[in-house]
Amino acid sequence: MNNTQNNTLLDDEIPAKFKDPETGAVRLEQMVKSYKELEKRLSNAPSVPKTADDYKVTCDHGLFASDTEINKRLHENGFTNDQVQFVYDLAAEVMVPMIVDMAGDFEADKEIEKLINHFGGADKWQEVARQLLAFGQKNLPADVLDTLSSSYDGVLALYRMMNNGEPSVAVKPEEKAANQEGMDLQSMMRDPKYWRDRDPSFIAKVTEGFQRLYTDK
């Protein structure tokens, strides 16, 4: 293959943007400029640290700290510092809800244990729980029932309601002032903010009202 053939093959490999559209001549200045831009971008691109110990990882959440063995494995797979930080941030994002759920389950177990002791054993508590559920579903809004049944004090308030026969907005003499300040629960539940808009803060006030009326002072 002669030099003319070699030049023809090389010319075919050069992108059209580097050729003069009229003459077909190679535009060296354009090629040099493009090369310099590419070199600049590569020099600014995140690079992999020399060793895994060079990773700078922030774990301000306090759930865990940077792990040497994990960092070594990430380094072996060519992770940059930004990528390693993303891995740790993602782990924290996943773990936080898990930890919250575990804490919630732990607290729920403690509340149930208190209720079992209060009602005199697991069998008695199960029977009371069944009665409370049936009573609450018949007489209370679902939001109020869910909130009251989620805590020890709420369950006791619900139990007192059941023993009183039916939820009533009538209050004890010492609570008349609170009633005059707007704790007419039936009226509140007829308010569009409760049944139509499902206003969270308004629903919370209704629930708090029920609990206040039926919780021992």
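The values are calculated or read from the model by the stated rules, or taken from the named source; none is laboratory data. What you are looking at is a predicted structure, and each value in this text was computed from that prediction instead of being measured. Virtual Cβ from ideal backbone geometry, glycine too; neighbours counted across all protein chains shown.
Can you find a residue that is crowded, with 18+ Cβ neighbours inside 10 Å and touching a residue at least 60 places away in the same chain (Cβ under 8 Å) anywhere in segment 120-127? No, that holds for no residue.
Check segment 118-140 and report whether any residue there is at pLDDT below 75 and under 27 Å from Glu107 (Cβ atoms). Even if it seems obvious, please write down each step before you answer.
Initially, segment 118-140 is screened for residues at pLDDT below 75, giving none.
So far as segment 118-140 goes, no, none of its residues is at pLDDT below 75 and under 27 Å from Glu107 (Cβ atoms).
Please pick out the residue among Asp89, Asp53 that is surrounded by 13 or more Cβ atoms within 10 Å (Cβ to Cβ), in a helix (DSSP H, G or I) and of a type outside the set (A, V, I, L, M). Before the answer, list the steps.
Working: Asp53 fails: surrounded by 13 or more Cβ atoms within 10 Å (Cβ to Cβ).
Unique residue meeting the criteria: Asp89.
Just give me the residues in segment 20-31 being loosely packed, with under 10 Cβ neighbours inside 10 Å, assigned to a helix (DSSP H, G or I) and not charged (D, E, K, R), in sequence order. Correct list: Leu28 only. Between Ala122, Ala92, the distinction of being touching a helix residue (DSSP H, G or I) at 6+ places or on another chain (Cβ under 6 Å) and small (Gly, Ala, Ser) belongs to Ala122 only. Condition test on Asp153, is it in a helix (DSSP H, G or I), at pLDDT 85 or above and surrounded by fewer than 16 Cβ atoms within 10 Å (Cβ to Cβ)? Taking the combined requirement at face value, the residue does not satisfy it. If you go through segment 162-176 one residue at a time, do you hit one that is modelled with pLDDT of 80 or more and assigned to a helix (DSSP H, G or I)? Within segment 162-176, one or more residues are modelled with pLDDT of 80 or more and assigned to a helix (DSSP H, G or I).
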